[in-house]
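Heads up, the thing below is written out as structure tokens.
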Amino acid sequence: MLIDPKLQQPAEAVPGQPPARPAVKIDGVSKSFDGTLALEPTWLKIRKGEFLTLLGPSGCGKTTLLNLVAGFLEPDKGELFIDDALVTQVPVHKREIGIVFQNYALFPHMNVLKNVEYGLRTRGVPAAEARDRAMETLRLVKLDQFADRRPKQLSGGQQQRVALARALVIRPKVLLLDEPFSALDRNLRAAMQIELKEIQHSLGVTTIFVTHDQGEALSMSDRIAVMSKGRVRQIGSPEEIYASPADRFVGTFVGDANLLTGTVTTSESGTLTLDLAGTALTLPQSAAPEAAAGETVELFARPEACQLVAPGTPGAVPATVSFAVYQGAHVELHLACPAAAEGPIMLRVPVANVPKVGAAVAVALPEAPVIFTGEAQ
Amino acid sequence: MNCTPLDHLLTWSGRILVALILGFVLLPFVVVLIASFNHSSILTFPPQDWSLRWYAHAFEYDDFADGVKNSLIIAAFGSTLALVAGTGFAYVLNRYEFRGKATLHAVLMSSLVIPNFTIGLGLLILAASVSIPRSMGLLVFLHITIVLPFVVRSVYVSLQNFERQLEAAAESLGAAPRRVLFTITLPLLLPGLAAGWLFAAILSFNEFTASLFLVNQRTQTLPVAMYNYVREYADPTLAAVSVIYVVAVAAMLILAHIFFRLEKVLNVD
């Protein structure tokens, strides 16, 4: 489904607040490499102080888009604006952006302080002031006592914070983060996410964050742009993306998803009836206003929105337990279901209430599930 | 660890083999080393009497002093200019795609396959045909030709190992291209450049075959002076010079190894 460019743009005005001018405006920007389209024409506006995540699998165009904003790539078409100024032709070193690279790219021949000062010295800030500001920023990331160390002498998490301090000290108009957590181990990653989000929020710096990790995207972002095959599939708050995915790709890429195939039996007078492999399901017509009788659609439901009920419950889809995975706080049940579009149906039940493998059960679907029709499938 | 007799046999035969190879490589030097302390004025082996007189003579002989001076001047200018040119070529080969890149690479490396003899002879004929005198400048030019492939190779390897993202990071922090070059790229390439220069200097200092065609009485290098000496005299002075020579070069290499970690720079670890 190609989203109308106008729909991709955020509301200009937040209720109760004066309309904010976008900090970054991506206006129909596209890029191809050797004839292969890496980024389809894309329109995006990023508000001042906003934390926007570009989320997608590798090769989806998110890094290309980041490099276009940074200026490492030049767009084939379209224009880029930072703080209302046209920057499409402006070289990287004049864009006033801060970048945290995936492997941090700290200068190995300089100590931590010199690394952080670098961006200030290039701007002609006097040595004493540069030093004070660098130390201040190092205090912000709690590394002021490591100012004399070389990057190699620091742990991964510390190196990452130096990279962040180096990018923030210049007070960039936009902060770009290119998968900054991918080199960290799991526990450190969670701690760094919270720390980064706090720092970003307290400084109010407009941030574009690139990741393939949907968990990171959901926990840190003000808005997420989900990308696939060089295209922004959906843009919205984490809640919108999670609860109302625009298409099947977004629904399955972000979070766990159950998909059921059904046929529209009737679609009239406010009611939509579906046939899910023999189970009749009645929904409000607003769930899929454009669906016509006879059309095959997909019903999308999050595991936590599905409930395990007794077999034979009206409107519930019959299924068989194929296996149970103990996960501590709960048990993940995988159910074989004739209506399932792909793979098993998955849902989580309390540890105390686990049916046996092979037991016949039924799954009650949410009252207002998301229906994918046509291209959204 | 359980060691079978076969393991012992293999371990010991391996050690013996290594010792033999080292002995084979070092044997000529050991002979020269012993001969240099021979008191007799005829190169005989093994020596009957011991003395340091040939070392004293080596330092007093003017041709050697002039040769060292000429060789040092040629090595300094030749390897420095070769470093500048070679860095430029290596940078272009590493960073840019263009037509004829493979050809340029081949041309730069060609003096590796052309014998120094041929290079010297060719340059002699060329210089004679356009009436260029056999000057110090011509010798410097000759040495640049000979050491250039080694410099290009050394700098090229450093560039290959260079993390390009560091330049991107500097650029994003507001550094204009020239500033990136002088604060990031060059400082990080310095060990590679220094090692390249040092190798060039040692090669140039050792070069004999090609130089033989192009020196005159005033510009003769140390190896040529040694060659001329041995044609006239058969005393152990040359053995003494050889020992001094080897010790000096080895000391330089060890220092370079300590400061620049040569095996890393040359990508052979």
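The values are calculated or read from the model by the stated rules, or taken from the named source; none is laboratory data. Note that this is a predicted model, so its numbers are computed, not measured. All Cβ positions, even for glycine, are placed from backbone atoms using ideal geometry, and neighbour counts span all protein chains on display. Note: areas computed on protein heavy atoms with side chains; ligands, DNA, RNA excluded. Shrake-Rupley method; radii C 1.70, N 1.55, O 1.52, S 1.80 Å.
Could you say which residue among A:GLU268, A:GLU298 is among the charged types (D, E, K, R) and within 30 Å of the chain's Cα centre (by Cα)?
A:GLU298
Table: residues versus (1) in a strand (DSSP E or B); (2) open to solvent by 20 Å² or more (accessible area, probe 1.4 Å).
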{"site": "A:VAL232", "(1), (2)": "yes, no"}
{"site": "A:ILE235", "(1), (2)": "yes, yes"}
{"site": "A:GLU240", "(1), (2)": "no, yes"}
{"site": "A:PHE249", "(1), (2)": "no, yes"}
{"site": "A:THR252", "(1), (2)": "no, yes"}
{"site": "A:ASP256", "(1), (2)": "no, yes"}
{"site": "A:GLY262", "(1), (2)": "yes, no"}
{"site": "A:ALA280", "(1), (2)": "yes, yes"}
{"site": "A:LEU283", "(1), (2)": "yes, no"}
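In the set B:LEU186, B:LEU123, B:LEU166, which member is more than 14 Å from every other protein chain (Cβ to nearest Cβ), part of a helix (DSSP H, G or I) and either within 25 Å of the chain's Cα centre (by Cα) or not β-branched (Val, Ile, Thr) (or both)?
Values: B:LEU186 fails: more than 14 Å from every other protein chain (Cβ to nearest Cβ); B:LEU166 fails: more than 14 Å from every other protein chain (Cβ to nearest Cβ).
None of the others qualify; the one that does is B:LEU123.
Looking at this structure, is B:ALA195 at the interface with another protein chain (Cβ under 10 Å from one of its Cβ atoms), touching a helix residue (DSSP H, G or I) at 6+ places or on another chain (Cβ under 9 Å) and open to solvent by less than 60 Å² (accessible area, probe 1.4 Å)? Quick ask: steps written out before the conclusion?
Details: at the interface with another protein chain (Cβ under 10 Å from one of its Cβ atoms): no; touching a helix residue (DSSP H, G or I) at 6+ places or on another chain (Cβ under 9 Å): yes; open to solvent by less than 60 Å² (accessible area, probe 1.4 Å): yes.
Spelling it out, it is not the case that B:ALA195 is at the interface with another protein chain (Cβ under 10 Å from one of its Cβ atoms), touching a helix residue (DSSP H, G or I) at 6+ places or on another chain (Cβ under 9 Å) and open to solvent by less than 60 Å² (accessible area, probe 1.4 Å).
Could you please let me know if B:ALA201 is in a helix (DSSP H, G or I) and either without any contact (Cβ under 8 Å) to a residue 24 or more places away in the chain or crowded, with 16+ Cβ neighbours inside 10 Å (or both)?
Values: in a helix (DSSP H, G or I): yes; either without any contact (Cβ under 8 Å) to a residue 24 or more places away in the chain or crowded, with 16+ Cβ neighbours inside 10 Å (or both): yes.
Here the answer is yes, as B:ALA201 does meet what is asked.
Outside any strand (DSSP E or B), open to solvent by less than 10 Å² (accessible area, probe 1.4 Å) and more than 14 Å from chain B (Cβ to nearest Cβ) - does that describe any residue in region A:50-57?
Just the residues of region A:50-57 that are outside any strand (DSSP E or B), to begin with: A:50, A:56-57.
Applying the additional criterion that residues be open to solvent by less than 10 Å² (accessible area, probe 1.4 Å) yields A:50, A:56.
Add one more test, that the residue is more than 14 Å from chain B (Cβ to nearest Cβ), and what stays is A:50, A:56.
Yes, region A:50-57 contains at least one residue that is outside any strand (DSSP E or B), open to solvent by less than 10 Å² (accessible area, probe 1.4 Å) and more than 14 Å from chain B (Cβ to nearest Cβ).
Given B:ASP62, B:ASP7, which one is more than 26 Å from B:SER204 (Cα to Cα) and among the acidic types (Asp, Glu)? Can you show your working first?
Numbers: B:ASP62 fails: more than 26 Å from B:SER204 (Cα to Cα).
Residue meeting the stated conditions: B:ASP7.
Of everything in region A:197-219, what is within 13 Å of the chain's Cα centre (by Cα) and assigned to a loop (DSSP other than H, G, I, E, B)? Give them in sequence order.
A:HIS212, A:ASP213
Assess whether B:LEU20 counts as being open to solvent by 100 Å² or more (accessible area, probe 1.4 Å), within 30 Å of the chain's Cα centre (by Cα) and farther than 19 Å from B:VAL247 by Cα.
Values: open to solvent by 100 Å² or more (accessible area, probe 1.4 Å): yes; within 30 Å of the chain's Cα centre (by Cα): yes; farther than 19 Å from B:VAL247 by Cα: yes.
Spelling it out, B:LEU20 is indeed open to solvent by 100 Å² or more (accessible area, probe 1.4 Å), within 30 Å of the chain's Cα centre (by Cα) and farther than 19 Å from B:VAL247 by Cα.
When A:PRO22 is evaluated against the numbered criteria (1) farther than 27 Å from A:SER182 by Cα; (2) modelled with pLDDT under 90; (3) open to solvent by 60 Å² or more (accessible area, probe 1.4 Å); (4) not β-branched (Val, Ile, Thr), which criterion, by number, is the only one it fails?
(3)
Looking only at region A:92-107, decide whether some residue is open to solvent by 20 Å² or more (accessible area, probe 1.4 Å), modelled with pLDDT under 95 and more than 10 Å from chain B (Cβ to nearest Cβ).
Looking through region A:92-107, none of the residues is open to solvent by 20 Å² or more (accessible area, probe 1.4 Å), modelled with pLDDT under 95 and more than 10 Å from chain B (Cβ to nearest Cβ).
Just the residues that are in contact with a Gly (Cβ under 9 Å, 6 or more places away or on another chain) and β-branched (Val, Ile, Thr), please, taken from region A:249-283.
A:THR263, A:VAL264, A:THR265, A:THR279, A:THR282
Taking B:PHE64, is it touching a residue at least 24 places away in the same chain (Cβ under 8 Å) and farther than 19 Å from B:TYR227 by Cβ? Step through it out loud before you land on a result.
Numbers: touching a residue at least 24 places away in the same chain (Cβ under 8 Å): yes; farther than 19 Å from B:TYR227 by Cβ: no.
So B:PHE64 does not fit the description; no.
Output the number of the condition that B:ILE42 fails; it satisfies all remaining conditions of (1) closer than 25 Å to B:VAL249 by Cβ; (2) open to solvent by 50 Å² or more (accessible area, probe 1.4 Å); (3) assigned by TED's automatic domain parsing to the domain that holds B:ILE244.
(1)
For region A:285-308, enumerate the residues that are among the hydrophobic types (A, V, I, L, M, F, W, C) and open to solvent by 40 Å² or more (accessible area, probe 1.4 Å).
A:ALA292, A:ALA293, A:ALA305, A:LEU308
Examine region A:114-137 for a residue that is in contact (Cβ under 8 Å) with a residue 24 or more places away in the chain, more than 26 Å from B:LEU186 (Cα to Cα) and either open to solvent by less than 70 Å² (accessible area, probe 1.4 Å) or within 9 Å of another protein chain (Cβ to nearest Cβ) (or both), and state whether such a residue exists.
Looking through region A:114-137, at least one residue is in contact (Cβ under 8 Å) with a residue 24 or more places away in the chain, more than 26 Å from B:LEU186 (Cα to Cα) and either open to solvent by less than 70 Å² (accessible area, probe 1.4 Å) or within 9 Å of another protein chain (Cβ to nearest Cβ) (or both).
Quick one: would you say B:VAL130 is aliphatic (A, V, I, L, M) and open to solvent by 80 Å² or more (accessible area, probe 1.4 Å)?
Criteria met by B:VAL130.
Determine if region A:318-333 includes at least one residue that is open to solvent by 60 Å² or more (accessible area, probe 1.4 Å), within 20 Å of A:LEU259 (Cβ to Cβ) and within 31 Å of the chain's Cα centre (by Cα).
yes
Go through region A:174-183 and count every residue that is open to solvent by 10 Å² or more (accessible area, probe 1.4 Å) and away from chain B (no Cβ under 11 Å). Before the answer, list the steps.
Keep residues of region A:174-183 that are open to solvent by 10 Å² or more (accessible area, probe 1.4 Å), which gives A:178-179, A:182-183.
Right, trim to away from chain B (no Cβ under 11 Å) and you get A:179, A:182-183.
Selection size over region A:174-183: 3.
Give the residue, chosen from B:LEU27, B:LEU33, that is hydrophobic (A, V, I, L, M, F, W, C) and either open to solvent by 70 Å² or more (accessible area, probe 1.4 Å) or part of a loop (DSSP other than H, G, I, E, B) (or both). Spell out the reasoning first.
Working: B:LEU33 fails: either open to solvent by 70 Å² or more (accessible area, probe 1.4 Å) or part of a loop (DSSP other than H, G, I, E, B) (or both).
Exactly one residue qualifies, and that residue is B:LEU27.
Quick one: in region A:146-173, which of the residues that are touching a strand residue (DSSP E or B) at 6+ places or on another chain (Cβ under 8 Å) and surrounded by fewer than 22 Cβ atoms within 10 Å (Cβ to Cβ) is farthest from A:LEU80 (Cα to Cα)?
A:LEU168
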